[in-house]
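Notes for the one structure printed next.
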Amino acid sequence: MRAAVLHEIGQDKLEVLDDVEAVGFGPGKVRIRVRATGLCHSDVSAMSGVLPQPAPFVPGHEGAGEIADIGDGVTGLSEGQRVLLCWLPACGTCPACKRGQTQLCLAGFMNAGTPNFRRPDGEVFGFAGTGTFTEEVVVDAGCAVPIPDDVPFDIAALIGCGVTTGLGAAINTAKVEAGSSVAVIGCGGVGISAIQGARLQGAAQIVAVDPVESRREAALRFGATEAVPPDGLADAKQRITAGEGFDYVFEVVGRSATARTAYEATRRGGTLCVVGAGALDDFLQLNMFELFFDEKKILPSMYGGGDVLRSYERAIALWRAGRIDLESLITHRVPLSGINEALEQMRTGVALRTCIEI
Ligand SMILES: [Zn+2]
Ligand SMILES: [Zn+2]
């Protein structure tokens with residue numbers, strides 16, 4: 001079957017090969033025929049080595065499709081069932097799961113070191129234990145989450161990562177209060193979802209910050225009250241908050257430099273919500289005086305910062321009710337053979353989300 005493979009960390013192009021096999025099927029597993037997958041920034045970060053990931057590997061972790069085969073002992077799923085892929089399946093029994101914080105369950109990462117694919121010349125890993133830039137993938141049954149019939153595969157794929165992450169940051173983690181002021185730094189698919197979350201929560205002002213003009217324009221359509229390039233943030237802070245700083249600032253880039261900018265744009269006592277996935281060797285500097293004296297809350301948000309399945313259900317309910325726009329998040333579509341085009345669209349920032357249709 002076909003899959004897009006990165007041969008070595010640091011390469012910037014994928015090769016679409018037709019000699020890849022999905023391996024690992026057996027008890028407790030399901031085989032999924034992938035129909036749609038989004039290109040998330042984390043895929044690019046894993047390719048470049050910012051996020052740890054063994055190679056060669058098949059990127060992609062935001063996907064949806066149909067169940068093609070069910071292993072022994074799997075209950076509650078049937079062949080042909082439409083599912084989205086959850087890259088962080090909850091074990092249900094660890095302390096984090098018992099607390100309802102399934103986004104912190106580490107069980108899914110135990111599979112990350114096991115290859116999901118094979119080629120004639122050796123084993124191939126799947127990103128984050130999944131790997132969705134492929135026709136088929138074998139995953140733990142817990143990674144296959146049934147979706148209602150009215151949710152198309154492309155929308156379900158987005159809910160599998162970017163939308164859940166951004167919405168959850170605003171709703172679960174930061175708990176944006178009605179009437180507050182918000183700035184969102186980084187307006188790709190996740191940042192736009194944080195903007196939609198802040199709007200749902202009733203934020204009075206939402207400033208979108210992004211160097212790419214088309215993303216700033218998009219942010220306004222999704223509920224930002226104004227949009228500025230990075231060098232316009234200081235002026236927006238002055239105008240909107242009289243220099244005090246925003247009640248909430250979302251860092252959706254994953255770099256210490258933007259996190260520091262976000263920290264400075266947050267008012268004393270306000271909340272800096274870190275959503276971007278950054279590197280192991282990129283350190284955020286804060287001095288102990290400001291940390292204490294300014295009482296800014298630094299709240300990281302992982303995969304929506306709450307129960308993952310509940311977050312999916314909420315995103316579907318909000319989408320169905322027309323309270324969030326997910327269709328317009330998909331600005332580009334390509335077949336699997338166009339995957340490098342999708343990577344280029346992400347790097348240049350022209351795409352909010354590119355959907356790869358398989
Ligand atoms: Zn668990
Ligand atoms: Zn993602």
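No value in this document is a laboratory result; all are computed from the given coordinates. This structure is a prediction, so every number in the text was calculated from the model and none was measured. Counting neighbours? That spans all protein chains shown, and the Cβs are built from the backbone with ideal geometry, glycine included.
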Check: Using all Cα-Cα distances in the chain, what percent lands in each 10 angstrom bin from 0 up to the longest?
Finding: 6, 26, 34, 23, 9, 2, 0
Margin query: From the mean inverse distance of alpha carbon pairs (Kirkwood) and the Cα radius of gyration, derive Rg over Rh for the stretch 220-358.
Written below: 1.01
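Nearest 5 is fine: what % of DSSP beta bridges in the stretch 56-213 come out antiparallel, could you say?
Bridges in the stretch 56-213 that DSSP calls antiparallel: roughly 55 percent.
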Next item on the list: Could you work out how far the C-alpha centroid of the stretch 295-322 sits from that of the stretch 195-233, in angstrom?
Entry: 19 Å
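Which percent, to the nearest 5, of DSSP beta bridges fully inside the chain are antiparallel? Walk me through the intermediate numbers first.
Numbers: 32 of 60 bridges.
If we restrict to bridges inside the chain, about 55 percent are antiparallel.
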Item checked: Farthest toward positive dipole pole in the chain [+1 Lys/Arg, -1 Asp/Glu at C-beta], among 205, 302, 131 -> 205
Margin query: Mean Kyte-Doolittle hydropathy of 1.0 or higher plus an axial Cα length of 24 Å or more: which whole DSSP H helices in the chain meet both?
Written below: none
Next item on the list: Classify the stretch 274-354 as rounded, prolate or oblate, taking a ≥ b ≥ c as the square roots of the eigenvalues of its Cα gyration tensor: rounded when a/c is under 1.5, otherwise prolate if a/b is larger than b/c and oblate if not.
Entry: oblate
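With a 10 Å radius around each residue's Cβ, average the other Cβ atoms per peptide and rank 39-46, 307-314, 93-100, highest first.
39-46, 307-314, 93-100
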Note to self: Given the options 70, 91, 7, identify the residue whose Cα lies farthest towards the positive end of the charge dipole of the chain (+1 on Cβ of Lys, Arg; -1 on Cβ of Asp, Glu).
What the structure shows: 91
Checklist line | Simple spin-label estimate for residue 220 and residue 289 in nanometres, 7 Å along Cα-Cβ | finding: 4.1 nm
Notebook entry, point to check: Along each of its three principal axes, how wide is the spread of alpha-carbon positions in the stretch 165-300, in whole angstrom units, largest first?
Noted result: 40, 32, 29
Checklist line | Over 30 Å (Cα to Cα) - which of 98/297; 13/98; 98/175; 29/297; 175/237 fall in this group | finding: 13/98; 29/297
Next item on the list: Only Lys, Arg, Asp and Glu count, each charged at its Cβ (+1, +1, -1, -1), so figure out the dipole size of the stretch 165-300 about its Cα centre, rounded to 20 debye.
Entry: 300 debye
Checklist line | the chain: relative contact order in percent, alpha carbon pairs under 8 Å with at least 6 residues between | finding: 18 percent
Margin query: If the elastic network links every pair of Cα atoms under 10 Å, which of 74, 30, 137 fluctuates the most in the Gaussian network model of the chain?
Written below: 74
Next item on the list: Pick out, from 186, 284, 165, the residue whose Cα sits farthest towards the positive end of the charge dipole of the stretch 165-300, with +1 on the Cβ of Lys and Arg and -1 on the Cβ of Asp and Glu.
Entry: 165
